Amino acid sequence: MSGVQQALVEVEAVAAGTSVAGPGSGVDKTFRPYDQSQALLLPPSLDEWLPQGHLARFVDELVEHGLDLAGFYNAHTQARGAPPYDPRLMLKLALYAMATGVTSSRAVERRCSDDVAFRWLTANNAPDYRSVARFRARHEAAIEELFVQSVRLCDRAGMVGLGDVAVDGTKVRANASRHKAMSYDRMVKREEQLQAEVAAIRQRTRQILDEAAANDAAEDAKYGRDRRGDELPDELARREQRIAKIRQARTQLEDEAAAAAAANAEDKVRARAAKRAEAGEPVDGEQVDVDAYRAATEAAAAAVPKPKAQRNFTDSESRIMKTADGSFHQCYNAQASVDAKHQVIVAAELTNQAADARHLPGMVDQVSDNTGRQAGRTLADAGCFSADNVDHAVRAGTDPHIATGRLKHHETIPDTPRGRIPNDATPKQRMARKTRTKKGKAVYARRKAIVEPVFGQMKTTQNAGRIRRRGLTAATAEWKAHCAVHNFLKLFRINGLVPALAP
């Protein structure tokens, strides 16, 4: 028997599940049948391909029975055109993709062909990347609202305690390069340089056209038989487009500087009037309004952006911020308030302001709005401290524990703070004393363990460290969607069931 004939016998034996002697092994072994061309008597069921308890089944149940989808369906108001994909299908696809760290629309399209879970969720449909991207853009408001629904679902499942809530911010990369940013001072110089280059190119082009007009043969040789010779040169078009972008960015910086100067001038006028009123002096309210308007108008007219103020040409609403590794990138500042019981995010926001302090009051209020009750204690690091923030938290009904950072020389407190607090102590001294007591240290020490692992989980599991959409509104919707998915994953891992939303 030849070698080919022996190989055919062995293949037939393997297909039949019989014993075959391995080459050179001297041992008989039975293998399972394997035939890729085997015809199926009945159509396969996708449901049999996905194991019970799979995350995709949880997402399916969540969308079908746990979420209010009215916002998604109400966005479809036109009867014209080809029928779109069902919002349930697209939402399942979006949530499961985020939960597994697939944030690219093109990657989602590929998974709909290659991944069993994606095919099961889409009922073997395969939306292209344009449909995925358009769904995200069309339903921004509804997707952002999913975060509030996620908080309430976790609350109904008993996963929100609201004893301690930790607030923190993390920098997430914007979909823009810092190399595409330019300072205001550089914009002014570059615009003048480009205008000079454009003028030189126009002059050179005019000379070429004049020479070409005198000699048709030379014109054909220079421009080609199919070109008139008066088309806009490519280098000139590129420079004029660059000038337009620079002018737009420069105008944005000037408008922002004017608005900030006007607001500052108006605040000063009203603050002076308030001091006079407190001192018992007569104050004419209408005159104060007139003075404030005049001061704001004059300040806006005289305002000039700082030379180092920057604007990015790719995503003009992102800002250059310092990240955790000490480098600088185009980023947004992502805020989250996390409940201590199961690390459920109960408040979320995204801004283009690097400092955290100005966002704490809004996060405290959002906790109450989303859950219907306030946190017992609010924990935050030194970046969130200010006297106004402490006052706002107390008035909101929560006990703030906020690190104060370094104290000035005249704000020193004892190493072991005890006894009565001095009457002349500043809010910063009072908070520093509070967080340095034995109880205060124990409470504040929990902050890092509550909120920071959440950012790590989201950036690792959900690929949430980079925002793919551009513009503050779109980026905010994407960040809140990531926070909602984080809560859904907590619900899946801890509770395993989808509690129905209250009517």
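The values are calculated or read from the model by the stated rules, or taken from the named source; none is laboratory data. Please read all numbers here as calculations on a predicted model, not as lab measurements. No Cβ is skipped: glycine too gets one built from the backbone with ideal geometry, and neighbour counts run over all protein chains shown.
Report whether or not ASP369 is at negative phi, surrounded by 15 or more Cβ atoms within 10 Å (Cβ to Cβ) and not hydroxyl-bearing (Ser, Thr, Tyr). Judged against the criteria, ASP369 is not a match. Among all residues of the stretch 256-267, there is at least one that is charged (D, E, K, R), touching a helix residue (DSSP H, G or I) at 6+ places or on another chain (Cβ under 9 Å) and modelled with pLDDT of 75 or more. Is it the case, given these coordinates, that GLN5 is more than 30 Å from VAL485 (Cβ to Cβ), at pLDDT below 85 and in a helix (DSSP H, G or I)? Against the criterion (more than 30 Å from VAL485 (Cβ to Cβ), at pLDDT below 85 and in a helix (DSSP H, G or I)), GLN5 qualifies. Determine if the stretch 137-147 includes at least one residue that is under 17 Å from the mean Cα position of the chain (by Cα), modelled with pLDDT under 90 and part of a loop (DSSP other than H, G, I, E, B). No: the stretch 137-147 contains no residue that is under 17 Å from the mean Cα position of the chain (by Cα), modelled with pLDDT under 90 and part of a loop (DSSP other than H, G, I, E, B). Residues of the stretch 88-119 that are more than 22 Å from the chain's Cα centre (by Cα) and under 24 Å from ASP68 (Cβ atoms): ARG88, LEU89.
Out of everything in the stretch 460-494 that is surrounded by fewer than 17 Cβ atoms within 10 Å (Cβ to Cβ) and among the basic types (Lys, Arg), what residue ends up being nearest to GLU64 (Cα to Cα)? Step by step, filter the stretch 460-494, then rank; the result is ARG493.
Restricted to the stretch 353-366, and to residues there that are touching a helix residue (DSSP H, G or I) at 6+ places or on another chain (Cβ under 6 Å) and either of a type in the set (Phe, Trp, Tyr) or over 19 Å from GLY163 (Cβ atoms) (or both), the residue that is surrounded by the most Cβ atoms within 10 Å (Cβ to Cβ) is ASP356. For THR103, are the conditions met, namely being over 18 Å from VAL148 (Cα atoms), modelled with pLDDT under 90 and in a loop (DSSP other than H, G, I, E, B)? Taking the combined requirement at face value, the residue does not satisfy it. The residues on offer are ALA295, ALA301, and the sole one that is surrounded by fewer than 21 Cβ atoms within 10 Å (Cβ to Cβ), part of a helix (DSSP H, G or I) and touching a helix residue (DSSP H, G or I) at 6+ places or on another chain (Cβ under 7 Å) is ALA295. The set of residues from the stretch 316-361 being closer than 18 Å to ARG446 by Cα, of a type in the set (S, T, N, Q) and part of a loop (DSSP other than H, G, I, E, B) comprises just one member, GLN343.
Can you spot a residue in the stretch 162-172 that is in contact with a Lys or Arg (Cβ under 6 Å, 6 or more places away or on another chain), assigned by TED's automatic domain parsing to the domain that holds GLY372, outside any loop (DSSP other than H, G, I, E, B) and of a type outside the set (A, V, I, L, M, F, W, C)? Yes, some residue in the stretch 162-172 is in contact with a Lys or Arg (Cβ under 6 Å, 6 or more places away or on another chain), assigned by TED's automatic domain parsing to the domain that holds GLY372, outside any loop (DSSP other than H, G, I, E, B) and of a type outside the set (A, V, I, L, M, F, W, C). Among the residues of the stretch 368-412, none is identified as of a type in the set (S, T, N, Q), within 16 Å of ILE450 (Cα to Cα) and touching a Gly at 6+ places or on another chain (Cβ under 6 Å).
When restricted to residues that are crowded, with 16+ Cβ neighbours inside 10 Å, touching a residue at least 60 places away in the same chain (Cβ under 8 Å) and aliphatic (A, V, I, L, M), the stretch 84-136 contains 7.
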